[in-house]
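The values are calculated or read from the model by the stated rules, or taken from the named source; none is laboratory data. The structure displayed is predicted, hence computed values, not measured ones. When we count neighbours, we look across all protein chains shown, and the Cβ atoms used for this are built from the backbone with ideal geometry, even at glycine. Ligands, DNA and RNA are stripped out before the accessible areas are found, and what is left, the full protein with its side chains, is counted by its heavy atoms. Shrake-Rupley method; radii C 1.70, N 1.55, O 1.52, S 1.80 Å.
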Amino acid sequence: MADAPKKPKFDLAKFITEGQIWKSMFRHGYTTSDRDRSLSVLTNVFFHLHPVKVRKSGARFGFTWCAGGLSFFVFLTLVVSGILLMFYYRPTVEYAYNDIVALREHVPFGIMRELHRWGAHAMIITVWIHMFRVFMTGSYKPPREFNWVIGVILLVLTMLLSFTGYLLPWDQLAMWAITVGSNMARATPFLGHEGPGASLLSIGDIQLVTAGSDVRFALLGGRFVGAGALLRFYILHCVAIPTVVVILMAVHFWRIRKDGGISGPL
Ligand code: HEM
């Protein structure tokens, strides 16, 4: 008796990658050729911020120290742990301190808060190292001057994220650190109440600068560190500054691509 014809083996991987759903998302084959590898970067909204080709010498750890990549990675960790913290933390004078204590004591190892806190320290360090590397390799020179400027703004925003986060535990350290910090802002030229610019804002005997019109008052939402300041710092820390940082990071990465990829050793 003749054998029955063999049923073709079901190939799950083939079934998925040749189906309409997969093909509607990915318009290239498996990344086995240079063409497919390039297409996988070009046709992906997240990848296409990166250069399609990176010079091997430029991507060397010894050249970049991976400090920019590490800054981005730590930032992502901070976003994820920060969102988790937002589920439990209430930015009011009544609850803020107790919520932070609870997050430390009732969560194993206080993991979410510690990740966020140590991550913040780490990001400050990695961003400075990255800037130092870019300076030492002369990667700020044309055509990369614009990206250097974007970088400087990112550095300032990273520090502002740390500064605004500092108030949120609402403990003695937070209160007095922000009191000192905001008093320094008070002495800012032009924007501060006591800065040299303040004298320019007067006509004859009339002072145009009042207690409510300097940068300290705007920052604190009042004359002292209180409920208004806590809410302002919370919104600056969780929404306003991260939004600007994300937009500028996208510009930073896109710009690396437009400037011909990572500079690479000369
Ligand atoms: C949130 C902070 C930042 C992030 C996430 C970030 C990320 C990156 C990444 C991933 C790269 C690719 C090469 C590398 O990893 O070294 C890069 C390159 C670069 N970054 Fe940043 N960066 C940040 C802040 C800065 C700062 C503070 C500066 C300088 C003031 C800067 C200036 C540059 C320049 C000029 C390049 C091109 C370097 C080259 O072509 O060799 N960045 N950045």
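Couple of notes before you dig in:
- In sequence order, segment 134-147 has phi-based couplings of 4, 5, 5, 8, x, 7, 8, 6, x, x, 9, 4, 5, 5 Hz under the Karplus curve 6.51 cos²θ - 1.76 cosθ + 1.60, θ = phi - 60°, and Gly or Pro positions carry x.
- Ignoring the sites themselves, the chain has its longest run without trypsin sites (Lys or Arg not before Pro) in a DSSP loop having at most 15 other Cβ atoms within 10 Å at 61-222.
- Out-of-range pairs (alpha-carbon distance over 29 Å; input K56/K258; K14/K258; K9/K53; K56/K141): K14/K258; K9/K53
- Positive minus negative residues near V134 (Lys, Arg vs Asp, Glu; Cβ under 11 Å): +3
- Between N183 and K14, the simple spin-label model (points 7 angstrom out along Cα→Cβ) gives 7.6 nm.
- For segment 237-263, there are no residues whose amide N sits under 14 Å from a probe point set 7 Å from the Cα of V80 along the beta carbon direction.
- Dipole in debye (nearest 20) - the chain, about Cα centre, beta carbon charges: Lys, Arg +1; Asp, Glu -1: 1260
- Comparing Cα centroids, segment 216-257 and segment 1-64 end up 39 angstrom apart.
- The residue among N147, F47, L236 whose Cα reaches farthest toward the positive pole of the charge dipole of the chain, with charges on the beta-carbon of Lys, Arg, Asp and Glu, is F47.
- Accessible-area composition of the chain, carbon plus sulfur, in percent [1.4 Å probe]: 70
- Length released on extending from I21 to A4, taking residue separation times 0.36 nm less the Cα-Cα span: 2.7 nm
- Per-residue HN-Hα couplings for segment 9-17 [Karplus 6.51, -1.76, 1.60; θ = phi - 60°; Hz; x = Gly/Pro]: 5, 6, 9, 4, 4, 5, 4, 6, 6
- Largest to smallest principal axis extent of the C-alpha atoms in segment 60-258, angstrom: 61, 52, 23
- Counted by Cβ distance under 12 Å from G264, the other residues give a net charge of +4, where Lys and Arg count +1 and Asp and Glu count -1.
- In the full protein context, the chain carries 67 Å² of accessible surface per residue, based on a 1.4 Å probe and ignoring ligands, DNA and RNA.
- Under DSSP loop assignment and at most 10 Cβ neighbours within 10 Å, longest GluC sites (Glu not before Pro)-free interval of the chain: 95-266
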